[in-house]
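Just below is one structure, and these are the notes that go with it.
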Amino acid sequence: MGRRPRCLRSDCSPGSASWPPERLQPGERVLVFFAVEPGRRPRITQVERRGWRAAPLFGADSFSVPGRVQREGRARSFSGGGGGLVARVGKPPVRVELEVPASIPIEDAALGQLSGPSLIRASLRRGFLGHRYLTDVRLIGRGWTGEISFAYDESRDRLIVLAPKQERFDPRRFSTDRQGRSEVFFFDGEGKEIGSAEVAGRLVEGAINPADGTLLGLLTKDAWGHSNVHLVWIGENGQVVQQGQQIEYERVVGFNAGEGAVWVLVGAPGSPLQPPFFVDSLTLGGMKGQRLGPFASKPRVVLTSGQQIWVVEPEQHRVTRLDRGTGRIEREYRDVNRPTDIAVDG
């Protein structure tokens, strides 16, 4: 049983949309035309069979989306190719499953509408015969890559999304000097977006200092991958206010956001880590000297909570709780079957 589709109805009177003279048959490929009017949802004005010619350009007053006529009895399922959007037009109603394309040819007249806040989010490129195309089109809401990470600001009750921009690898234009970009989005307690900013570099992950709500992030200047990162302090405008020394990303095992730092595995730069293992707190100004250890195996996660520090060692099947002030072990939890993460109830 398929998912229930979302339906788009023509908001004009039944039968007022233009149809081909011959009855459409199930499985036929069609174009569904929408009219664009300020302050209103796009409404369906026409359905026509798809011919050999290309679809019309996305214009300032109208656009079209390809689709396929559904068979009767498919009201509660769909193929999934169009993201679950179904147009229901006419009387008796005909259902057309929309096939939202990956790119849309666009007229110059429509650029003004799409440059501001919109339900459509896309990038622009020039294509065949000089036509401009919208690529990576998002019709509803925001679309993020799988590299996004989140940070929650308890002091201001807001969610922060760190979203590295997708970089397409082109071997003809590959350059080791190319830098990535990221976007930072702010959402209030009700889930409404209240702001955004762009950052030079790719933000791998981040955390909020609970005392003042400042954002600490791990940033790489590489367009792809993140073998090395910098600890950075990011302002409200998306600018990097302060940047620390470079550190190998695999050595970072947790944030110590309350002190503006990250926990890192100690060792000579570039050398493989060997037991016994030690952990220290790296701030924007350098190592703090708060060394923890020795540990028989490599810690995977170090979590700071109140006056305690929790260390997760998968290979030792152990979670250790330490005093934050002295680094002294308070309790060990053994034989916990290769733990990989931990969450502490405040």
Pull up region 1-33, narrow it to residues that are aliphatic (A, V, I, L, M) and modelled with pLDDT of 50 or more, then point me to the one that is farthest from residue 62 (Cα to Cα).
-> 24
Does residue 285 meet the test of being outside the structural domain of residue 243 (by TED's automatic domain parsing), at pLDDT 90 or above and either of a type in the set (Phe, Trp, Tyr) or surrounded by fewer than 14 Cβ atoms within 10 Å (Cβ to Cβ) (or both)?
-> yes
Note: among 217, 189, just one is in the same structural domain as residue 160 (by TED's automatic domain parsing) and more than 29 Å from residue 273 (Cα to Cα), namely 189
Specify which of the listed residues (202, 251) is under 27 Å from residue 288 (Cβ atoms) and in contact with a Pro (Cβ under 6 Å, 6 or more places away or on another chain).
-> 202
Among what's in region 328-338 and is modelled with pLDDT of 90 or more and at positive phi, pick the residue that is surrounded by the most Cβ atoms within 10 Å (Cβ to Cβ).
-> 338
Hey, any hits in region 295-304 for a residue that's within 26 Å of residue 156 (Cα to Cα), out of contact with any His (no Cβ under 6 Å at 6 or more places or on another chain), of a type in the set (A, V, I, L, M) and at pLDDT 90 or above?
-> yes
Would you check if there is a residue in region 217-225 being in a loop (DSSP other than H, G, I, E, B), modelled with pLDDT of 85 or more and not basic (Lys, Arg)?
-> no
Meets criteria (surrounded by 15 or more Cβ atoms within 10 Å (Cβ to Cβ) and either touching a helix residue (DSSP H, G or I) at 6+ places or on another chain (Cβ under 8 Å) or of a type in the set (Val, Ile, Thr) (or both)) for residue 230 | no
From the list 236, 313, pick out the single residue that is at pLDDT 95 or above and of a type in the set (D, E, K, R).
-> 313
Restricting to region 227-280, what's the tally of residues that are of a type in the set (Phe, Trp, Tyr) and out of contact with any Lys or Arg (no Cβ under 6 Å at 6 or more places or on another chain)?
-> 4
Determine whether residue 211 is of a type in the set (Gly, Ala, Ser), exposed (fewer than 14 other Cβ atoms within 10 Å of the Cβ) and over 27 Å from residue 279 (Cα atoms).
-> no
Test residue 147 against the criterion of being within 14 Å of the chain's Cα centre (by Cα), surrounded by 15 or more Cβ atoms within 10 Å (Cβ to Cβ) and at pLDDT 85 or above, and give yes or no.
-> no
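The values are calculated or read from the model by the stated rules, or taken from the named source; none is laboratory data. Keep in mind the model is a prediction, meaning the values are calculated, not measured. With ideal geometry, Cβ positions are generated from the backbone for all residues, glycine too; neighbour counts draw on all protein chains shown.
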